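The values are calculated or read from the model by the stated rules, or taken from the named source; none is laboratory data. It should be emphasised that the depicted structure is a prediction, and the values quoted were computed from it without experimental measurement. Ideal geometry is used to build each Cβ from the backbone, glycine not excepted, and the neighbour counts take in all protein chains shown.
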Number of protein chains: 2
Amino acid sequence: MVTDRIVLALDAHGGDFGPQVTIPAALDVLSIHSNLEILLCGISEDILPVLNKITSEQAPKHCIDRLATIEANHALTPDARPVAALRRGKGSSLWLALEQVANGRAHACVSAGSTAAILALGVKLLGMLPGIERPALMSRVPSASGHTNLLDLGANLHVSAYQLVQFAIMGSVACPLDGLSGAPKVALLNVGHEDSKGDAVVKEAHAMLKELPINYTGFIEGHDIFAGKADVAVCDGFSGNLIIKSGEGLATMIFRHINMAMNRGWFAKAGAFFLRKSLQDTLERFEPSKHNGAPLLGLRGVVVKSHGNADREALGHAIREAVVEAERQVPQLIESMINDFSIEVGL
Amino acid sequence: MVTDRIVLALDAHGGDFGPQVTIPAALDVLSIHSNLEILLCGISEDILPVLNKITSEQAPKHCIDRLATIEANHALTPDARPVAALRRGKGSSLWLALEQVANGRAHACVSAGSTAAILALGVKLLGMLPGIERPALMSRVPSASGHTNLLDLGANLHVSAYQLVQFAIMGSVACPLDGLSGAPKVALLNVGHEDSKGDAVVKEAHAMLKELPINYTGFIEGHDIFAGKADVAVCDGFSGNLIIKSGEGLATMIFRHINMAMNRGWFAKAGAFFLRKSLQDTLERFEPSKHNGAPLLGLRGVVVKSHGNADREALGHAIREAVVEAERQVPQLIESMINDFSIEVGL
């Protein structure tokens with residue numbers, strides 16, 4: 001399905017705020033992308049009251065016209081587990097959103113629902129790309145040189161060396177190209193830089209990656225993620241999940257303390273007044289909502305997972321991320337690269 | 001060895017700067033702790049030039065008098081691997097420092113040398129406490145409620161459920177008591193809070209910890225570390241190493257950006273001038289050197305590992321950490337708790 005028109009299926013109920021956030025976010029992105037259509041999958045009695053309140057000033061007709069609804073009969077809970085999603089997911093807003101991609105009616109799907117449910121239903125309805133064993137969640141974090149794309153963030157708790165290699169290839173393909181010259185630098189996260197460091201799995205993956213025609217730069221350590229030593233950093237989902245969440249927690253705490261410091265007495269308040277404009281960029285750069293939208297790579301279609309607590313702006317970022325992935329046809333690129341590698345190096 | 005006098009063995013050559021940093025740091029701590037003696041283990045031709053340059057103003061006689069030297073015949077390299085340390089470590093500054101503890105001549109040992117070498121020689125020369133299978137590195141990170149003690153930070157790449165339980169017990173005992181009322185809250189790091197989350201190892205450890213008479217509060221996620229939901233957070237060394245190093249990298253990058261923002265134009269500089277004093281506390285709170293000094297728990301003696309790139313002040317923190325551990329007799333406390341638990345719950 002190659003076309004300039006992009007159709008995106010949105011799970012209207014995923015996330016903590018449901019249609020109150022998903023609909024305004026959808027309209028925001030529709031107002032920017034004139035070639036975008038959004039299929040809002042949800043329960044009409046929840047969707048309609050929100051839609052009816054939206055005035056033509058808030059969303060012009062040309063935006064509303066590109067927003068269609070697909071009736072769901074229920075919504076999964078935000079903490080839905082895989083078994084529950086598979087057993088009771090049929091007809092839910094998430095199921096329908098994924099089904100639009102599986103049936104070729106949409107180019108991409110976005111949900112702020114339970115990661116486990118998106119993963120289970122994504123694999124069931126879309127299936128894996130040939131040569132990829134497991135999907136991986138990827139997210140962008142700010143770094144000294146721009147951004148680092150980190151995967152896997154929790155789709156797989158533990159992985160084989162071969163799966164780490166697949167993640168590295170997928171990350172290399174899916175890595176956004178903004179500002180990058182040449183092939184993205186791909187690295188494996190480890191407890192040291194030397195070949196002797198790490199367990200058997202990372203060592204084996206390291207040896208395999210050296211043989212592949214991607215820009216593999218070797219092992220990196222935790223601090224290298226933010227130092228910008230790699231464009232793509234690969235690890236198992238257990239470690240990746242802890243790294244990304246602890247980083248969000250740390251950044252949140254630091255900024256809260258800086259805010260407190262800026263309000264400690266009139267002297268500090270005066271300083272904050274002068275400084276705020278200059279600090280704005282820094283604060284925005286580290287704001288987690290700006291990096292919302294983690295693609296689930298390896299499926300036969302674009303699926304982007306949003307933070308459950310995403311607000312309108314943050315969900316907008318996730319939707320735009322999905323649009324970019326759909327435009328770039330990331331799943332097709334991954335399939336093609338895996339295919340080339342099977343022939344070239346017998347992967 | 002119960003005494004008010006504390007003797008500490010210091011590896012004069014560990015770390016990137018050797019005696020240039022270890023000797024001034026030792027004298028700094030001697031000037032604060034009047035009941036402390038330090039055995040400086042190193043090569044005299046490197047130590048003496050530094051000692052000879054120190055004037056009586058920089059270090060009064062009562063400090064110098066409590067600094068003795070023990071002659072080493074060589075120093076291990078900063079990246080010494082375990083095999084090399086075991087084969088060629090005998091007579092090195094690290095070996096001698098650990099030996100002082102093993103022989104009962106010192107209460108504690110501090111080294112900024114290679115973690116792998118400290119670990120290998122620590123196990124060889126001191127041995128493990130009965131009932132503890134593997135040593136674990138613990139470090140303190142700032143949190144919303146004070147500090148969280150994180151272990152293991154890389155002494156073990158992967159662990160069994162039983163070893164995670166041992167780490168939890170050791171962390172609970174070794175957790176510094178400053179400001180804590182009641183038993184420290186101990187938690188297991190996982191990808192979710194629910195009992196169903198995580199792999200077989202964390203689930204089994206979770207079940208075992210619930211039965212133990214420590215203040216076990218269950219699973220926590222990455223962001224909970226800095227939110228202060230636990231006093232002690234336990235995980236395998238691979239994840240722990242990535243969490244602590246990525247956190248250091250992130251904090252470093254955020255503060256570098258804030259510094260840049262403070263120097264962007266005279267308006268920002270004026271703001272920074274007013275604000276600097278108030279921000280100082282915040283910056284210091286997150287300064288990694290303030291948290292330098294990671295105890296290696298589980299050995300028959302106090303061993304504290306310093307960052308290799310520690311400066312005089314940072315190494316001073318590690319030495320003071322070792323003094324506190326020796327005063328509290330942490331290894332004896334761990335041994336006693338493990339012993340009680342074996343009788344009580346058949347651990």
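Pairing residues of the range B:319-330 that are more than 21 Å from B:Gly308 (Cα to Cα) with residues that are assigned to a helix (DSSP H, G or I), at Cβ distances under 8 Å and at least 6 apart in sequence or on separate chains, gives B:Val330/B:Val173; B:Val330/B:Ala174.
Here's the yes/no breakdown for (1) under 19 Å from the mean Cα position of the chain (by Cα); (2) modelled with pLDDT of 95 or more:
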{"site": "B:Leu151", "(1), (2)": "yes, yes"}
{"site": "B:Ala155", "(1), (2)": "yes, no"}
{"site": "B:Val159", "(1), (2)": "no, no"}
{"site": "B:Gly182", "(1), (2)": "no, no"}
{"site": "B:Leu189", "(1), (2)": "no, yes"}
{"site": "B:Glu194", "(1), (2)": "no, no"}
{"site": "B:Val201", "(1), (2)": "no, yes"}
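Being free of Cβ contacts under 8 Å to residues at least 12 places away in the same chain and at the interface with another protein chain (Cβ under 7 Å from one of its Cβ atoms) is the filter; apply it to the range B:230-257 and report the residue that is surrounded by the fewest Cβ atoms within 10 Å (Cβ to Cβ). Checked the range B:230-257; the qualifying residue surrounded by the fewest Cβ atoms within 10 Å (Cβ to Cβ) is B:His257.
Out of curiosity, is B:Glu335 assigned to a helix (DSSP H, G or I) and assigned by TED's automatic domain parsing to the domain that holds B:Thr77? Even if it seems obvious, please write down each step before you answer.
Details: assigned to a helix (DSSP H, G or I): yes; assigned by TED's automatic domain parsing to the domain that holds B:Thr77: yes.
When the stated conditions are applied, B:Glu335 passes them.
Looking only at residues of the range A:326-347 that are buried (at least 23 other Cβ atoms within 10 Å of the Cβ) and out of contact with any helix residue (DSSP H, G or I) (no Cβ under 7 Å at 6 or more places or on another chain), we find that the one that is farthest from A:Leu164 (Cα to Cα) is A:Ala326. Answer with yes or no whether B:His223 is assigned to a helix (DSSP H, G or I) and either over 25 Å from A:Val191 (Cα atoms) or within 14 Å of chain A (Cβ to nearest Cβ) (or both). When the stated conditions are applied, B:His223 passes them.
Search the range A:279-307 for residues being hydroxyl-bearing (Ser, Thr, Tyr) and more than 19 Å from B:Gly271 (Cβ to Cβ), and hand back the single one that is surrounded by the most Cβ atoms within 10 Å (Cβ to Cβ).
Going residue by residue through the range A:279-307, those that are hydroxyl-bearing (Ser, Thr, Tyr) are A:282, A:289, A:306.
Now restrict to residues that are more than 19 Å from B:Gly271 (Cβ to Cβ): A:289, A:306.
Details: A:Ser289: 19, A:Ser306: 30.
Here the residue is A:Ser306.
Just wondering, is there one or more residues in the range B:43-65 that are within 24 Å of the chain's Cα centre (by Cα), in the same structural domain as B:Ala97 (by TED's automatic domain parsing) and not in a loop (DSSP other than H, G, I, E, B)? The answer is no, given that none of the residues of the range B:43-65 is within 24 Å of the chain's Cα centre (by Cα), in the same structural domain as B:Ala97 (by TED's automatic domain parsing) and not in a loop (DSSP other than H, G, I, E, B). What about A:Asp46, is it under 24 Å from A:Gly308 (Cα atoms) and either β-branched (Val, Ile, Thr) or surrounded by fewer than 22 Cβ atoms within 10 Å (Cβ to Cβ) (or both)? In short, yes. Of all residues in the range B:266-290, those being farther than 23 Å from B:Glu313 by Cβ and either more than 7 Å from chain A (Cβ to nearest Cβ) or not small (Gly, Ala, Ser) (or both) number 6.
This table checks each residue for (1) farther than 24 Å from A:Ala326 by Cβ; (2) buried (at least 16 other Cβ atoms within 10 Å of the Cβ); (3) in contact with a helix residue (DSSP H, G or I) (Cβ under 7 Å, 6 or more places away or on another chain); (4) not aromatic (Phe, Trp, Tyr).
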| site | (1), (2), (3), (4) |
| --- | --- |
| A:Cys63 | no, yes, yes, yes |
| A:Leu67 | no, yes, yes, yes |
| A:Ala72 | no, yes, yes, yes |
| A:Ala80 | yes, yes, yes, yes |
| A:Val83 | yes, no, no, yes |
| A:Arg88 | yes, no, no, yes |
| A:Ser93 | no, yes, no, yes |
| A:Glu99 | no, yes, yes, yes |
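Please report, ordered by residue number, the helices (runs of 4 or more DSSP H) entirely within the range B:70-156 with at least 2 residues that are touching a Cys at 6+ places or on another chain (Cβ under 8 Å), within 22 Å of B:Ala174 (Cβ to Cβ) and assigned by TED's automatic domain parsing to the domain that holds B:Val324. Give the steps one after another, and end with the answer.
On the way: elements: B:82-88, B:93-102, B:115-126.
So the answer is B:93-102.
If the condition is being farther than 15 Å from B:Gly15 by Cβ, out of contact with any Lys or Arg (no Cβ under 9 Å at 6 or more places or on another chain) and not in a strand (DSSP E or B), then the range B:294-327 contributes B:Arg300, B:Gly301, B:Arg320, B:Val323, B:Val324, B:Glu325, B:Ala326, B:Glu327. Residues in the range A:179-208 that are part of a loop (DSSP other than H, G, I, E, B) and more than 14 Å from chain B (Cβ to nearest Cβ): A:Gly179, A:Leu180, A:Ser181, A:Gly182, A:Ala183, A:Pro184, A:Lys185. Report yes if some residue within the range B:6-21 is touching a residue at least 40 places away in the same chain (Cβ under 8 Å), out of contact with any helix residue (DSSP H, G or I) (no Cβ under 6 Å at 6 or more places or on another chain) and over 19 Å from B:Leu98 (Cα atoms); otherwise report no. Looking through the range B:6-21, at least one residue is touching a residue at least 40 places away in the same chain (Cβ under 8 Å), out of contact with any helix residue (DSSP H, G or I) (no Cβ under 6 Å at 6 or more places or on another chain) and over 19 Å from B:Leu98 (Cα atoms).
For every residue, the table says whether it meets (1) more than 30 Å from B:Leu153 (Cβ to Cβ); (2) among the acidic types (Asp, Glu).
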{"site": "A:Lys245", "(1), (2)": "no, no"}
{"site": "A:Glu248", "(1), (2)": "no, yes"}
{"site": "A:Arg256", "(1), (2)": "no, no"}
{"site": "A:Leu279", "(1), (2)": "yes, no"}
{"site": "A:Pro288", "(1), (2)": "no, no"}
{"site": "A:His291", "(1), (2)": "no, no"}
{"site": "A:Val302", "(1), (2)": "yes, no"}
{"site": "A:Arg320", "(1), (2)": "yes, no"}
{"site": "A:Arg328", "(1), (2)": "yes, no"}
